[in-house]
Each structure stands twice: as structure tokens, then as C-alpha cells.
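A short write-up of the structure that comes next.
Rule-based calculations on the coordinates, nothing more; no lab input. All figures in this text were calculated on a predicted structure; none of them were measured in a lab. Because the Cβ atoms are built from the backbone with ideal geometry, glycine has one as well, and the counts that use them run over all protein chains shown.
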Amino acid sequence: MVGEVFRVLKCDSQFINGDRYGLDDISQHTLTVQKEIAGYFKVLVKHERLDLLEHWIIHLFNDESENHVMREAASLNELASIGFSEIQLTHRVEVNALVTAYKRG
């Protein structure tokens, strides 16, 4: 998918993606996601929003599956191998982060 993004971007364009970028340390990543899920339970049960709790838990299972998880190092390496430059991961909050890169040409 990122290869297709690179293909359609004009030269001297910037790629920006705010998403879940899994920590490379899988044990730390798991603890961080567990903390995140505990927060959903705390807030949504308190507000009697079990429908939203169910939605978020199902959504997280999808995001955390091996078919979808984007590990930080692998994701940044993929961007570089495709041809992006000036790749940065910033504004990390737990497993969420902002990635920027440029297509120069």
C-alpha cells in the first residue's frame, strides 16, 4: 500500500500518516496496549457505554493482528526502501505516532 502512495505522489511531496506504530519491543508494546484497553474499560463502563467498549475492543483486535500491526522500525525501513527520504516518527503517544517522509525528485 505504501508503495502505491509513493507511486502516485508528485515529486517533492510529503507523506503524512498519523496511526498506530507498534513499539519494536513487543513486551513493552503489549503492556502499553493493555494499559490503553484498561482505560477504555474505566471510562466507558463508568459512562455505561458498553456498545462503544465492544466497538473499540473489536477494532483493537484488528489493529493488533499480525496482518495489520505496523512495527516502528519495519515501517520506517519500508518507507526508505520504497524511496522516501527525510523520514521522521514524532509525536508518539503510547502506540500512536505521526510519521512524515518526502518523495524527492
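For this structure, a couple of remarks:
- Considering only the chain, percent of DSSP beta bridges that pair antiparallel, nearest 5: 95 percent
- Using alpha-carbon coordinates, inclination of helix 72-82 to the longest axis of the chain, degrees: 30 degrees
- Compared with the rule-of-thumb size 2.2 N^0.38 Å for a compact globular protein, the range 12-103 has a Cα radius of gyration ratio of 1.26.
- If you plug the beta carbon distance of residue 12 and residue 63 into 1/(1 + (r/R0)^6) with R0 = 30 Å, you get a FRET efficiency near 0.40.
- Under the criterion of Cα pairs below 8 Å and six or more residues apart, the relative contact order for the range 12-103 equals 49 percent.
- The angle between the Cα long axis of helix 26-46 and the main principal axis of the chain comes to about 50°, on a 0 to 90 degree scale.
- Within the range 4-105, GluC sites (Glu not before Pro) in DSSP loop having at most 11 other beta-carbon neighbours inside 10 Å: 48, 66
- In this simple spin-label model, placing a label point 7 Å from the Cα along the Cα-to-Cβ direction at both residue 24 and residue 77 gives a separation of 0.8 nm.
- Extended-chain gain in nm, criterion 0.36 nm per residue less alpha-carbon gap, residue 41 and residue 91: 15.5 nm
- Taking Cα centre as origin and charging only the Cβ of basic (Lys, Arg, +1) and acidic (Asp, Glu, -1) residues, the dipole magnitude of the chain rounds to 300 debye.
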